[in-house]
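Note sheet for the following structure.
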Amino acid sequence: MLVEVQVTIKGSKAAIWAAMTDIEGAAKIIRGIDSIEVVERPTHGLVGLKWRETRMLFGKPATAEKWITDAVENQFYKTRAESEGFIFLSTTSISESSGGFALTSFHDSQPQSLAAKIMSIPMGLLFKGVAKKALLQDLIDIKAAVEQQ
């Protein structure tokens with residue numbers, strides 16, 4: 001299941017990058033995140049940063065362990081998470097846009113186990129709508145943080 005959302009932000013690329021990569025402070029910026037616990041820090045850069053992120057999902061706390069697999073400063077970073085027979089890949093990127101910069105979030109949920117594949121058929125459309133709404137709100141929260149500076 002693929003989901004893509006985008007917002008335009010009026011601010012500097014450096015300010016957007018700082019807000020979108022402040023993983024430890026994400027719960028203060030993004031209202032959908034209840035807590036962040038950093039598990040592993042790389043010696044330099046973002047690649048290898050691993051954290052546990054807790055959000056409310058369908059009325060219950062859900063925790064996922066995520067890590068950054070690739071990044072280019074002031075351009076994008078990619079994450080991976082694995083849970084319940086799924087692999088979740090995401091890319092968050094900045095690009096020039098009229099009126100500011102476009103902040104784009106692209107997520108791909110890939111069922112791996114037979115149970116996940118079976119579950120993804122009826123739940124796919126419902127979850128896609130919920131995921132799209134949550135991801136868009138995350139970007140709106142980052143936009144608000146940058147534009148309030």
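Since every read-out is calculated from the coordinates, none of them should be taken as a lab result. Every value quoted in this text rests on a predicted model; they were computed, and no experiment measured them.
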Figure the gain on full extension for Thr54 and Ile140 (residue separation times 0.36 nm, minus the Cα-Cα span) and round it to one decimal in nm.
-> 29.1 nm
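When the helix-only estimate is applied to the chain (DSSP H runs of n ≥ 4, each -39,500 (n - 2.57), divided by the residue count), what is the mean residue ellipticity at 222 nm, nearest 500 deg cm²/dmol? Walk me through the numbers before you get to the answer.
On the way: 3 runs with 46 residues, N = 149.
About -10000 deg cm²/dmol.
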In a solvent-free Debye calculation with one equal scatterer on each Cα, what is log10 I(q)/I(0) for the range 2-147 at q = 0.13, 0.18 Å⁻¹, listed in the order of the q values?
-> -0.58, -1.12
When the chain is fully extended, how far beyond the present Cα-Cα distance does Lys128 get from Arg31, taking 0.36 nm per residue of separation?
-> 33.0 nm
Quote to one decimal, in nm, the extra length available between Thr8 and Lys117 on full extension: 0.36 nm per residue of separation minus the C-alpha distance between them.
-> 35.8 nm
Rounded to 10°, Cα long-axis angle of helix 114-147 versus longest principal axis of the chain = 20 degrees
